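Right, one structure below, let's go through it.
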Amino acid sequence: MIAAGTGAETALRSARSHYPGISRLDARLLLLHCLGISLEELIAEPNRQLTDIQAEQFEKLLLRRSQGQPVSQLLGEKEFWGLPFRISRDVLTPRPDSETVVELALEICRGNPPARILDLGTGSGCLMAALLTEFMQAEGVAVDISPAAVTIAEQNFADLELSDRVRLHCADFSDFEGGPFDLIVSNPPYIADADRDSLPVDVRDHEPAMALFAGDGYEAYHTLARYMPRLIAPGGRVVLEIGQGQADRVLTMFELAFNQAGLSARASVKPDLAGIDRAVAFCLD
């Protein structure tokens, strides 16, 4: 047990000793949260002593982390695109991989910024918020089937002073009526049900299943492809996050959907920092 009066660095060593499965980085983030200080302050005062409440809180957070709960949920926040977002078990934790969607959107919209943006499956609202901070004249519509996720997104938009530029809808992809939109983005569920057991515990057991799993991994893309032609504006653009190895099939699926609707679209693919194809884009001619 970590007692009151224990110095910060000693508390970190004790945490790593009692919970060897927790990385030093995670333990330090939890300790900083309990102390309410920055890393710079901890470096300047490594022997800062924990109070009774801080020591008890640190122990509780360490236990929950050892049971697999993500650090972002324990802290209640996560940074994305340089912006802070509230996080809970009701939304996916924003990941650096998803910033590839924002990067690709900026690339294909260069010189022709969108006026109306749609985010299907907004979750925490991180994609929409990032895009609205980049496209300062744009307005957005964010859709999610989860009422709890919509509540989190609403809080995040308010925190970032974006509420007057975005409208929220609690609906399924196939139930949403609106448009047309100049830019549509989505990070849909794309993990196959059969791959559930291969995921890390902190993802599989602690993040919302409806935002992760989609039958064979392509069910959400089929729905999006079916409804995309009626949502997109002439000359509009679409950017989707994809899982590893899914690019070719998703490209084919959407090209077919656009062709059947009498639309022509140029496709592109962008890898994430690990070199894995992570986002696909379609630019209507």
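For a quick check, take a GNM of the chain with Cα springs below 10 Å and name the residue from L42, L183, L118 with the largest mean-square fluctuation.
Result for the chain, Cα springs under 10 Å: L42 fluctuates most.
Name the residue farthest towards the positive end of the dipole of the chain from the options P147, G7, A265, assuming +1 on Cβ of Lys and Arg, -1 on Cβ of Asp and Glu, about the Cα centre.
Towards the positive end, the residue furthest out is G7.
Search the structure for amide H atoms under 5 Å from the amide H of I232, placed 1.01 Å from N in the peptide plane, and list their residues when 5 or more places away or on another chain.
Placed amide hydrogens put F181 under 5 Å from I232.
Please state the charge dipole magnitude for region 70-182, taken about the Cα centre, from unit charges on C-beta atoms (+1 on K and R, -1 on D and E), reported in debye and rounded to the nearest 20.
Computed charge dipole of region 70-182: roughly 120 debye.
For percent of Cα pairs over 34 Å apart, which listed value, [x] 16; [y] 22; [z] 28, comes from the coordinates shown?
Given [x] 16; [y] 22; [z] 28, the calculated one carries the label [z].
Which order do E59, E154 take when ranked by solvent-accessible area (1.4 Å probe, heavy atoms of all protein chains), largest first?
Ranking E59, E154 by accessible area, largest first, yields E154, E59.
Rounded to the nearest 500 deg cm²/dmol, what is the calculated helix-only ellipticity per residue at 222 nm for the chain, with -39500 (n - 2.57) per DSSP H run of length n ≥ 4?
Computed ellipticity for the chain at 222 nm equals -11500 deg cm²/dmol.
Quick one: order C170, C109 from most to least accessible surface, probe 1.4 Å.
Solvent-accessible surface, decreasing: C170, C109.
Using a simple charge model, +1 on the beta-carbon of Lys and Arg, -1 on the beta-carbon of Asp and Glu, nothing else, what dipole does the chain show about its Cα centre, in debye to the nearest 20?
In total the dipole reaches around 260 debye.
Which of G245, G111, G21 moves the most in a Gaussian network model of the chain with Cα springs under 10 Å?
Maximum fluctuation in the GNM of the chain, among the listed residues, is at G111.
Over the chain, what is the relative contact order in whole percent, taking alpha-carbon pairs under 8 Å and six or more residues apart?
Relative contact order, the chain: 15 percent.
So what's the projected area for region 35-166, the Cα convex hull averaged over all directions, in nm²?
10.1 nm²
Residues with beta-carbon under 12 Å from that of V150, excluding V150: net charge, scoring Lys, Arg +1 and Asp, Glu -1?
-3
Got the relative contact order for region 70-203 handy, in percent, Cα pairs under 8 Å and 6 or more residues apart?
Once divided by the residue count of region 70-203, the mean separation gives 25 percent.
Need one number: % antiparallel among DSSP beta bridges in the chain, to the nearest 5.
Rounded to the nearest five, the antiparallel share is 45 percent.
Ignoring any ligand, DNA or RNA, what whole percent of the accessible area of region 8-68 comes from carbon and sulfur when the probe is 1.4 angstrom?
51 percent
Hey, got the Cα dimensions of region 41-116 along the principal axes, in Å, largest first?
Reported extents, whole Å, longest axis first: 56, 32, 19.
How much accessible area per residue does region 63-222 have, counting only protein heavy atoms and a probe of 1.4 Å, in square angstrom?
Solvent-accessible surface per residue comes out at 44 Å².
In a Gaussian network model over the chain where Cα atoms closer than 10 Å are linked, find which of L62, L263, L131 has the largest mean-square fluctuation.
L263
Output the relative contact order of region 1-154, whole-number percent, from Cα pairs under 8 angstrom with separation of 6+ residues.
Rounded, it is 18 percent for region 1-154.
Got a number for carbon plus sulfur as a percent of region 156-285's accessible area, 1.4 Å probe?
49 percent
The values are calculated or read from the model by the stated rules, or taken from the named source; none is laboratory data. All of these numbers come straight from a predicted model, not from anything done at the bench. Methodologically, a virtual Cβ is constructed for each residue, glycine included, from the backbone with ideal geometry; neighbour enumeration extends over all protein chains shown. Only protein heavy atoms, including side chains, enter the accessible area calculation; ligands, DNA and RNA are left aside. Shrake-Rupley method; radii C 1.70, N 1.55, O 1.52, S 1.80 Å.
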